[in-house]
1. Could you please let me know if Val160 is in contact (Cβ under 8 Å) with a residue 60 or more places away in the chain, surrounded by fewer than 17 Cβ atoms within 10 Å (Cβ to Cβ) and under 21 Å from Ala67 (Cβ atoms)?
2. Condition test on Gly69, is it of a type outside the set (Ser, Thr, Tyr) and at pLDDT 85 or above?
3. Is it the case, given these coordinates, that Met125 is hydrophobic (A, V, I, L, M, F, W, C), surrounded by 15 or more Cβ atoms within 10 Å (Cβ to Cβ) and over 18 Å from the mean Cα position of the chain (by Cα)?
4. So, of the residues in region 164-201 that are part of a loop (DSSP other than H, G, I, E, B) and in contact with a helix residue (DSSP H, G or I) (Cβ under 6 Å, 6 or more places away or on another chain), which turns out to be nearest to Pro50 (Cα to Cα)?
5. Return a yes/no flag: does region 116-126 have any residue that is within 24 Å of Trp11 (Cβ to Cβ), at pLDDT below 95 and out of contact with any strand residue (DSSP E or B) (no Cβ under 7 Å at 6 or more places or on another chain).
6. Being among the aromatic types (Phe, Trp, Tyr) and at pLDDT 95 or above: is that true of Tyr214 here?
7. Under 9 Å between Cβ atoms, at least 6 apart or on separate chains: pull out the pairs that start in region 194-210 with a residue that is surrounded by 15 or more Cβ atoms within 10 Å (Cβ to Cβ) and end on any residue that is of a type in the set (S, T, N, Q).
8. Does Gly10 meet the test of being surrounded by 15 or more Cβ atoms within 10 Å (Cβ to Cβ) and modelled with pLDDT of 85 or more?
Amino acid sequence: MTGLPVRYAGWMTRDLVAGPGILMAVLIALAVLAVRNVQVMGPAGDADLPACMIVLEWTLVALTLVATGGLVSEDFALGHQRTLFAKPVSPPLYYLQRWLIGGAAVLVGAAPVAYAIGSRFDIPMLGTPLVARMGLLYLVLGGLVFLLSTLSRRDWLLAVVVLAGQAGLGLARSLGGAQGPVATAVYAVLPPFQLLRLQRPALGGLELVYATGYGAALLVGALALLRWRPLARGARQ
């Protein structure tokens, strides 16, 4: 069978809305409330807009973790793969479709937060550049969770550890530490979350190619594992 199993898209969307969608809605409501009320005075004056962009960024991170956590591992833990793939359905394409629906939900969910920021500061927010940057963040972080979900039930937790480790190592390097060959090599192979910050200028050139290629490699890796690992190996641990 070739092509995405679109006949399952409605059920996948319903399951997302009835399950992770509830928590996602709560996170979105809290984020909108935060951007409408946050007040921060920075050293150069009003720092409310940067603070609101941080809220949007971490809302995206949280929504991505909720939308992709357990994407594959939950089915394997419960043995659902035996029923799901009793019919001629490609496991990689089945889970790719679920991942894509999760990405659409994350972008739609982030829209009210971005709109609230734009309304508060009277600036355009929901344009193609911001949507593209949010999509790139989902590609990298969501791709990481997807890959980990083919290996472990602790997929989203491991992704948080990687995210925190990369941020901590980056901070140490910016302060002049962690400059040894081992730390440099570790930092080089970790996901480039530092390039995905919404406060940064828009990516271009080699940075854009690198971030996009890294996210695509994570996604391809997850699909390859689903294609070549025997489904009967049982629950992910």
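The values are calculated or read from the model by the stated rules, or taken from the named source; none is laboratory data. Please read these numbers as outputs of a predicted model, since none were measured by experiment. Using ideal geometry, Cβ is built from the backbone for each residue, glycine included, and neighbour counts are taken over all protein chains shown.
1. Details: in contact (Cβ under 8 Å) with a residue 60 or more places away in the chain: yes; surrounded by fewer than 17 Cβ atoms within 10 Å (Cβ to Cβ): yes; under 21 Å from Ala67 (Cβ atoms): yes.
Spelling it out, Val160 is indeed in contact (Cβ under 8 Å) with a residue 60 or more places away in the chain, surrounded by fewer than 17 Cβ atoms within 10 Å (Cβ to Cβ) and under 21 Å from Ala67 (Cβ atoms).
2. Numbers: of a type outside the set (Ser, Thr, Tyr): yes; at pLDDT 85 or above: yes.
Taking the combined requirement at face value, the residue satisfies it.
3. Working: hydrophobic (A, V, I, L, M, F, W, C): yes; surrounded by 15 or more Cβ atoms within 10 Å (Cβ to Cβ): yes; over 18 Å from the mean Cα position of the chain (by Cα): yes.
Taking the combined requirement at face value, the residue satisfies it.
4. Our first condition is that a residue be part of a loop (DSSP other than H, G, I, E, B); within region 164-201, this holds for 175-180, 190-192, 196-201.
Right, trim to in contact with a helix residue (DSSP H, G or I) (Cβ under 6 Å, 6 or more places away or on another chain) and you get 178, 190-192, 196, 198-199.
Numbers: Ala178: 28, Leu190: 26, Pro191: 23, Pro192: 21, Leu196: 15, Leu198: 9, Gln199: 7 Å.
Applying the filter and picking the extreme gives Gln199.
5. no
6. Working: among the aromatic types (Phe, Trp, Tyr): yes; at pLDDT 95 or above: yes.
For Tyr214, the condition - among the aromatic types (Phe, Trp, Tyr) and at pLDDT 95 or above - is met.
7. Matching pairs, first to second residue: Gln194/Gln166; Leu203/Thr212.
8. Values: surrounded by 15 or more Cβ atoms within 10 Å (Cβ to Cβ): no; modelled with pLDDT of 85 or more: yes.
Considered against the rule, which asks whether it is surrounded by 15 or more Cβ atoms within 10 Å (Cβ to Cβ) and modelled with pLDDT of 85 or more, Gly10 comes out as no.
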